[in-house]
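The values are calculated or read from the model by the stated rules, or taken from the named source; none is laboratory data. Computed from a predicted model, the values in this text were never measured in an experiment. Note that each Cβ is placed from the backbone with ideal geometry, even for glycine, and that neighbours are counted across all protein chains shown. For accessibility, only protein heavy atoms count, side chains too; no ligands or nucleic acids. Shrake-Rupley method; radii C 1.70, N 1.55, O 1.52, S 1.80 Å.
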Amino acid sequence: MSSLSGKQGPRYRHVAGDTESYETIAVEKLTPIIGAEISGVDLRGPLADEDAAAIRQAWLDHLVLFFRDQRIDDEQQLAFALRFGPMDVSPLQTVHQDAPEIVVLDQLHPVGEGADEWHSDNTFLRDPPVASILRAVQLPELGGDTCFASMYAAYEALSPALREMLDGLRAVHDITRPLQKAIRDGHSSLDLATMQAQCPPVEHNVVVTHPETGRKALFVNRNSTTRLVGLTERENDVLLSFLFDHVRSPEFQCRFHWAPGSIAFWDNRAVQHYAVADYYERRVMHRATIAGPVAR
C-alpha cells in the first residue's frame, strides 16, 4: 500500500500490481494509481471476445485506458462502445453533432466553458453514464491535454473521521449550471426551462460503492453538485468547497497528451476529468457514453 502522509499510515491503494498479466493485449501503466495505455488491438474492425474481456478487466483495474493510433470513425467508435454496454444518449446535445449517440465537443475558446472544471459526465441524471469514450478528431498544435483523477484515491486519502461523516451524506446534482454555460457559449440550442423540467435535480450519495469492484469513491463534482443535503449554507460553503479542491490533488491523477487517433475510455463512476484550457486553435472531440450498473 501507498501512503500520502507517512506516519498516518495507508490512505489509498491501487489494485493491480506492477506486472500486468492480460493475455491478449499489452497494458502499460501511467501511474500507480490511475491510467494505462493499451496496445496490441485494432479498433477498426470487430473486437474479438478475448480482447473485449481483457480491455474490460484493464478498465476496471486502471479506471482510464488510452489507445493511440486508432484512426476510426463514428460508426466504429459506437461499435467499440457497444461491446461494453448499451449506449447512454446524453440529454445535453450540442449544436455541432449529427447523431444523438455521439456528442461533438467543438471548442476554440475553452476557458470557462465547463470542461475546465473537475467533473464526471452527466451526474445530474438519476442514472449517470457508467463510461465515456472520447476520440480526438481535430487537435490544436499545442495544448489541450486532459487530466484524470481516481475518486477511489480521493476517498481513501481522507481521514477516517471525515470518511465516516461523508458515508452518511447525500448531495444534490443539477443540470442548470453546465447547460447555462453551453447555451451562453453557443454550444447548445436547448431551452433551459424545458431541460430543467426534463432533468430535475437529483440526489446521489456523496460516497458511492462501485457495483463491480466494491470499492468506495467520492462522488461530488464542481460542475453539477450544488449542495450537501442536511447541512447549513455555511457548512456547505466549507465542506463542499474542500471536497471540490481535494479531488485536484496530483497524487490522484494522470495526464494524457492527445495525438491524432487517440482514444480515452474511462469509468465515469470512479473518475473525474479536467480538460486543460490552454489552447487557442480549434479542438474537436467525439464522445460516446455507455449505460450500465451505476454506483450508489
Practice task
Classify the range 50-208 as rounded, prolate or oblate, taking a ≥ b ≥ c as the square roots of the eigenvalues of its Cα gyration tensor: rounded when a/c is under 1.5, otherwise prolate if a/b is larger than b/c and oblate if not.
Solution key: oblate
Handout entry: Using a Förster distance of 30 Å, the FRET efficiency for GLN196-GLU251 (Cβ separation, nearest 0.05)
Key = 0.20
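Based on the Kirkwood radius over alpha-carbon pairs, what value in µm²/s does the Stokes-Einstein equation return for the translational diffusion coefficient of the range 162-207 at 25 °C and 0.890 mPa s? Write down the numbers at each step before the final one.
Working: Rh = 12.2 Å.
After rounding, the answer is 201 µm²/s.
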Exercise for the section: Could you pull the accessible area for VAL208 with a 1.4 Å probe, rounded to 10 Å²? Expected result: 0 Å²
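Report the extension gain between GLU50 and VAL89 in nm, rounded to one decimal, defined as 0.36 nm multiplied by the number of residues separating them, less their alpha carbon distance. Before the final figure, lay out each step's value.
On the way: separation 39, 0.36 × 39 = 14.04 nm, distance 2.71 nm.
Contour length minus the Cα-Cα distance gives 11.3 nm.
Quick one: Cα convex hull volume of the chain, Å³ per residue?
Details: hull volume 37.9 nm³, N = 296.
Roughly 128 Å³ of hull volume per residue.
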Completion exercise
To the nearest 20 debye, the chain has a Cα-centred charge dipole, built from +1 on Lys and Arg Cβ and -1 on Asp and Glu Cβ, of 800 debye
Problem - Evaluated at q = 0.10 Å⁻¹: base-10 log I(q)/I(0), Debye formula over Cα of the range 137-296 - result: -0.44
Handout entry: GNM top mover of ASP42, ASP237, ASP116 - the chain, alpha-carbon springs below 10 Å
Key = ASP237
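Please compute the length gained on full extension between ARG163 and ASP42, using 0.36 nm multiplied by the number of residues separating them and subtracting their Cα-Cα distance. Mind dumping the intermediate values first?
On the way: separation 121, 0.36 × 121 = 43.56 nm, distance 4.18 nm.
Contour length minus Cα-Cα distance gives 39.4 nm.
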Problem - Farthest toward positive dipole pole in the range 123-164 [+1 Lys/Arg, -1 Asp/Glu at C-beta], among LEU125, PRO140, LEU162 - result: LEU125
Handout entry: Phi-based couplings in Hz for the range 122-137 (Karplus 6.51, -1.76, 1.60; Gly and Pro marked x)
Key = 6, 6, 6, 8, 4, 10, x, x, 8, 8, 10, 10, 10, 10, 6, 10
Practice task
Step through the residues of the range 62-79 one at a time and calculate ³J(HN,Hα) from phi using the Karplus curve (6.51 cos²θ - 1.76 cosθ + 1.60, θ = phi - 60°), rounding each to whole Hz and writing x for Gly and Pro.
Solution key: 10, 6, 9, 10, 10, 10, 10, 6, 10, 7, 10, 9, 4, 4, 6, 5, 5, 4
Completion exercise
The long-range amide H neighbours of HIS119, using H built 1.01 Å from N in the peptide plane and a cut-off of under 5 Å, are HIS273
Exercise for the section: Quick one: accessible surface of GLU156, probe radius 1.4 Å, all protein chains present, in square angstrom to the nearest 10. Expected result: 30 Å²
Fill in the blank from the handout: Computed over the Cα atoms of the range 77-166, the Rg and Dmax in Å are 16.3, 49
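What Kirkwood hydrodynamic radius, in Å, does the range 235-292 give when the mean of 1/r is taken over all pairs of distinct Cα atoms and then inverted? All intermediate terms of the calculation are to be shown ahead of the outcome.
Working: mean 1/r = 0.0687 Å⁻¹.
In the range 235-292 this quantity evaluates to 14.6 Å.
Based on the Cβ-Cβ distance of SER189 and LEU231, what FRET efficiency does E = 1/(1 + (r/R0)^6) give at R0 = 30 Å, to the nearest 0.05? Intermediate values should be presented prior to the final figure.
Working: r = 36 Å, r/R0 = 1.21.
Calculated value: 0.25.
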Completion exercise
Calc'd 3J(HN,Hα), the range 158-168, phi into Karplus 6.51 cos²θ - 1.76 cosθ + 1.60 (θ = phi - 60°), Hz, glycine/Pro = x, comes to 6, 5, x, 5, 6, 4, 4, 5, 5, 4, x
Completion exercise
Out of LEU192, LEU105, PRO260 - ranked by how far each Cα lies towards the positive end of the dipole of the chain, with unit charges on the beta-carbon of charged residues - the top one is LEU192
Handout entry: Overall Cα dimensions of the range 19-107 - principal axes, largest extent first, Å
Key = 44, 28, 23
Exercise for the section: Order the following by accessible area, largest value first: ASP98, ASP51. Probe radius 1.4 Å; ligands, DNA and RNA are ignored. Expected result: ASP98, ASP51
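Restricting everything to alpha-carbon atoms, can you work out Rg to Rh for the range 91-134 with a Kirkwood hydrodynamic radius?
0.95
Where the only charges are on Cβ atoms (+1 Lys, Arg; -1 Asp, Glu), what is the dipole of the range 67-183 about its Cα centre, to the nearest 20 debye? Before the final figure, lay out each step's value.
Numbers: 9 positive and 19 negative charges, 53 e Å.
The dipole of the range 67-183 has a size of about 260 debye.
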